[in-house]
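Some notes on the structure that comes next.
The values are calculated or read from the model by the stated rules, or taken from the named source; none is laboratory data. Everything numeric in this text was worked out from a predicted model, so none of it was measured. Cβ placement follows ideal geometry from the backbone for every residue including glycine, while neighbour counts extend to all protein chains displayed.
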Amino acid sequence: MINTCVMLLFCVVTVLPAFSAQHVAVHPRPGFDSPDQEIIRQIVDMERQSKEASLRRDSDFSLRILADDYVAITPLGQVTTKQETISARRSGQLRYEAMNITDMVVRVYGDTAVVTARADVKGHQLGEDFSGPYRYTRVWIRRSGQWQIVSYQATVTQ
């Protein structure tokens, strides 16, 4: 039961972080320029939208933002696909009460953006509490002018 809860948690966590701009740390590469700053702004805004969608259990957002070849790796090492993530959100059995994202870093590499952050979440899946701190990495790519999530990995922290 707990393994299922953790797996479903991270199916949804994949598209739910809410990043406040005041928590964004940018680590520029040599040659960091204003187009990178615009990309960072776009990624931070999409992360904010993801949080709002998760709190509302909006599966349509996941359908739009996750790439067809999306994969997530949960803290238990389970691989989760786009369809599994959408199904978990649609079930309505997963409920988030609160999310706080801190220590976010966005790195831009052309049409790829890598986000790392800490997420403190409070919620329940099938009556089981999955609240706690996590660290994660999310990879965004730009395809045909649209940003999509292609990969996500989360680790439970203390």
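Would you say Y152 is more than 27 Å from I39 (Cα to Cα), of a type in the set (S, T, Y) and part of a strand (DSSP E or B)? In short, no. Considering the stretch 121-138, and only residues there that are more than 22 Å from G77 (Cβ to Cβ) and surrounded by 14 or more Cβ atoms within 10 Å (Cβ to Cβ), the residue that is modelled with the highest pLDDT turns out to be K122. The single residue among L94, L55 that is surrounded by 14 or more Cβ atoms within 10 Å (Cβ to Cβ), hydrophobic (A, V, I, L, M, F, W, C) and under 25 Å from I40 (Cα atoms) turns out to be L55. Might you check whether a residue that is among the aromatic types (F, W, Y) and in a loop (DSSP other than H, G, I, E, B) occurs anywhere in the stretch 96-109? No - not one qualifying residue is present in the stretch 96-109. Restricting attention to the stretch 60-91, the residues being surrounded by 17 or more Cβ atoms within 10 Å (Cβ to Cβ) and assigned to a loop (DSSP other than H, G, I, E, B) number 2.
Within the stretch 110-130, the set of residues being touching a residue at least 12 places away in the same chain (Cβ under 8 Å), part of a loop (DSSP other than H, G, I, E, B) and either hydroxyl-bearing (S, T, Y) or farther than 20 Å from R56 by Cα (or both) comprises D111 only.
The rows are residues; the columns are (1) of a type in the set (K, R); (2) modelled with pLDDT under 95; (3) out of contact with any His (no Cβ under 8 Å at 6 or more places or on another chain); (4) farther than 20 Å from Y134 by Cβ.
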{"site": "V71", "(1), (2), (3), (4)": "no, no, yes, no"}
{"site": "G77", "(1), (2), (3), (4)": "no, yes, yes, no"}
{"site": "T85", "(1), (2), (3), (4)": "no, yes, yes, no"}
{"site": "M99", "(1), (2), (3), (4)": "no, yes, yes, no"}
{"site": "V108", "(1), (2), (3), (4)": "no, no, yes, yes"}
{"site": "V115", "(1), (2), (3), (4)": "no, no, yes, no"}
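Of all residues in the stretch 139-158, those being modelled with pLDDT under 95, crowded, with 18+ Cβ neighbours inside 10 Å and out of contact with any Lys or Arg (no Cβ under 9 Å at 6 or more places or on another chain) number 0. When Y109 is tested against (1) in contact with a helix residue (DSSP H, G or I) (Cβ under 7 Å, 6 or more places away or on another chain); (2) surrounded by fewer than 18 Cβ atoms within 10 Å (Cβ to Cβ); (3) among the aromatic types (F, W, Y), exactly one condition is not met: (1). Output the residue which, of all residues in the stretch 28-59 that are part of a helix (DSSP H, G or I) and in contact with a helix residue (DSSP H, G or I) (Cβ under 8 Å, 6 or more places away or on another chain), is modelled with the lowest pLDDT. Per the stated criteria, the residue is S54.
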